[in-house]
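Here the structure is laid out as C-alpha cells; the discussion comes afterwards.
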Amino acid sequence: MGWNTSLIIIENKENYSNENELLKSLGFENFEQKENTTFDEILNPQENQIGIGYYNGNLIICDGYLLTTKSLEESKNLNLADYEKSLIKIFPKAEIVTVSCVSSVNFHGYSLIQNGEKKRLKIVAEEMKQEFGNRFEEEIEIYKKSYEENEQLLWKDENDDDFYTEDQLMEDFTFKVAKRRLGVEIATEEADDLFENTEFKVFQLNLSEKSVSNNFKWKKYLIIGGIIIIVKILFKTIFK
C-alpha cells in the first residue's frame, strides 16, 4: 500500500476542543462542518478538506498538505511557519509533532516543537535531504541500524543482501515519529482502534484562489517528481 498523508499531532493536556476557533486561528475563515468519519477515511482528505480528531491525549489535524506545505516551503533553519505560531498561542507548552509523506516520490518530512520552539526539522526525498536541529529518540533508534557507504546512509535488508536508502524508509520514519505522540504505529495492527473507532470531524474549506493555487503548486512538484522517478526506472530497465 502507498501512504499519502500529513498530520499535525498536538499534545492536548487542557482538552481543548473548539474546532471553529482553531480553524480560524490557522487562517481559515470560510468553512463548514461536513460530516463525521473515521481516521481511515480522513487520513488523506479530499481537496480543501481538513479532519480534526482526538486520540490518546492528542488533538490530531489531518490537513491534506494545506498547512504542512507552508512549514516545508518556509523551512529556513528552524523558523516557525505562521500557522505554527498560531498553534503555539493556543498550545504554548505543548509538544507538537508534524509528519508528512508521499509514497509516489518517497518523500517524508517531520518536525518537533516543544514549549513554543522548533527543535527539529527533516525533509527527505530521492536525492534530496534537509535537516536542522538534533535528532530525537525515535529517529535515533532508526539511524542506529544504518551504515555509511560512498557518503550515503544505507540500511541492510534483513531478508537478503539488498539495502535501502533513507528515502525508501519513508514509512519507518514517518510512522515511528508519529508514534511518539499517538502511542501506536500507523500501518500496524496496534493502530486498529485509531483507524476504526476514533471519530474525526470533516470540515470543508472555501479557500481563496491564491490559497488553492499555492496548494496546487506543491502537489504539482510531487507529481513531477513521481514522473521523473518512473522515467528513471524505465531508462534503467531498457538500457541495463
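The values are calculated or read from the model by the stated rules, or taken from the named source; none is laboratory data. Note that the structure is predicted; figures quoted are calculated from it, not measured. Virtual Cβ from ideal backbone geometry, glycine too; neighbours counted across all protein chains shown. These area figures cover heavy atoms from the full protein model, side chains too; ligands, DNA and RNA do not enter into them. Shrake-Rupley method; radii C 1.70, N 1.55, O 1.52, S 1.80 Å.
Inclusion of Ser104 among residues that are among the small types (Gly, Ala, Ser) and under 17 Å from Leu7 (Cα atoms) is not warranted. Scan region 50-59 and give yes if some residue there is over 16 Å from the mean Cα position of the chain (by Cα) and part of a helix (DSSP H, G or I), otherwise no. Within region 50-59 (the criterion being over 16 Å from the mean Cα position of the chain (by Cα) and part of a helix (DSSP H, G or I)), the answer is no, since none of the residues qualifies. When you scan region 126-137, do you find a residue that is within 21 Å of Gly27 (Cα to Cα), out of contact with any Cys (no Cβ under 6 Å at 6 or more places or on another chain), open to solvent by less than 20 Å² (accessible area, probe 1.4 Å) and not hydroxyl-bearing (Ser, Thr, Tyr), even just one? Looking for residues that are within 21 Å of Gly27 (Cα to Cα), out of contact with any Cys (no Cβ under 6 Å at 6 or more places or on another chain), open to solvent by less than 20 Å² (accessible area, probe 1.4 Å) and not hydroxyl-bearing (Ser, Thr, Tyr), one finds none in region 126-137, hence no. As a summary of the residue check, Glu199 satisfies the conditions (1) within 19 Å of the chain's Cα centre (by Cα); (2) surrounded by fewer than 17 Cβ atoms within 10 Å (Cβ to Cβ); (3) closer than 18 Å to Glu41 by Cα; (4) not polar (S, T, N, Q) except for the one numbered (1). Taking region 19-43 as the range and being out of contact with any helix residue (DSSP H, G or I) (no Cβ under 8 Å at 6 or more places or on another chain) and aromatic (Phe, Trp, Tyr) as the test, only Phe28 passes.
This table checks each residue for (1) open to solvent by 30 Å² or more (accessible area, probe 1.4 Å); (2) modelled with pLDDT of 95 or more; (3) touching a helix residue (DSSP H, G or I) at 6+ places or on another chain (Cβ under 6 Å).
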| position | (1), (2), (3) |
| --- | --- |
| Glu158 | yes, no, no |
| Ile186 | no, yes, yes |
| Asp192 | yes, yes, no |
| Ser213 | yes, no, no |
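Please go through region 76-119 and give me each residue that is in a strand (DSSP E or B), without any contact (Cβ under 8 Å) to a residue 40 or more places away in the chain, open to solvent by 20 Å² or more (accessible area, probe 1.4 Å) and closer than 20 Å to Lys179 by Cα, ordered by number. Within region 76-119, just Gln114 meets the criteria.
The set of residues in region 163-196 being of a type outside the set (A, V, I, L, M) and touching a residue at least 60 places away in the same chain (Cβ under 8 Å) consists of Asp167, Gln168, Glu171, Phe173, Thr174, Phe175, Arg180, Arg181, Gly183, Phe195, Glu196. Does any residue of region 18-37 turn out to be closer than 19 Å to Val184 by Cα and touching a residue at least 40 places away in the same chain (Cβ under 8 Å)? Looking through region 18-37, none of the residues is closer than 19 Å to Val184 by Cα and touching a residue at least 40 places away in the same chain (Cβ under 8 Å). In the condition set (1) assigned to a strand (DSSP E or B); (2) surrounded by fewer than 20 Cβ atoms within 10 Å (Cβ to Cβ); (3) not β-branched (Val, Ile, Thr), Lys122 is compliant with all but (2). Within region 60-75, being touching a strand residue (DSSP E or B) at 6+ places or on another chain (Cβ under 9 Å) and either over 19 Å from Lys201 (Cα atoms) or in a helix (DSSP H, G or I) (or both) holds for Thr68, Thr69, Ser71, Leu72, Ser75. Taking first residues from region 142-160 that are touching a residue at least 24 places away in the same chain (Cβ under 8 Å) and partners that are open to solvent by less than 100 Å² (accessible area, probe 1.4 Å), the Cβ contacts under 6 Å between residues at least 6 apart in sequence or on separate chains come to Ile142/Asp172.
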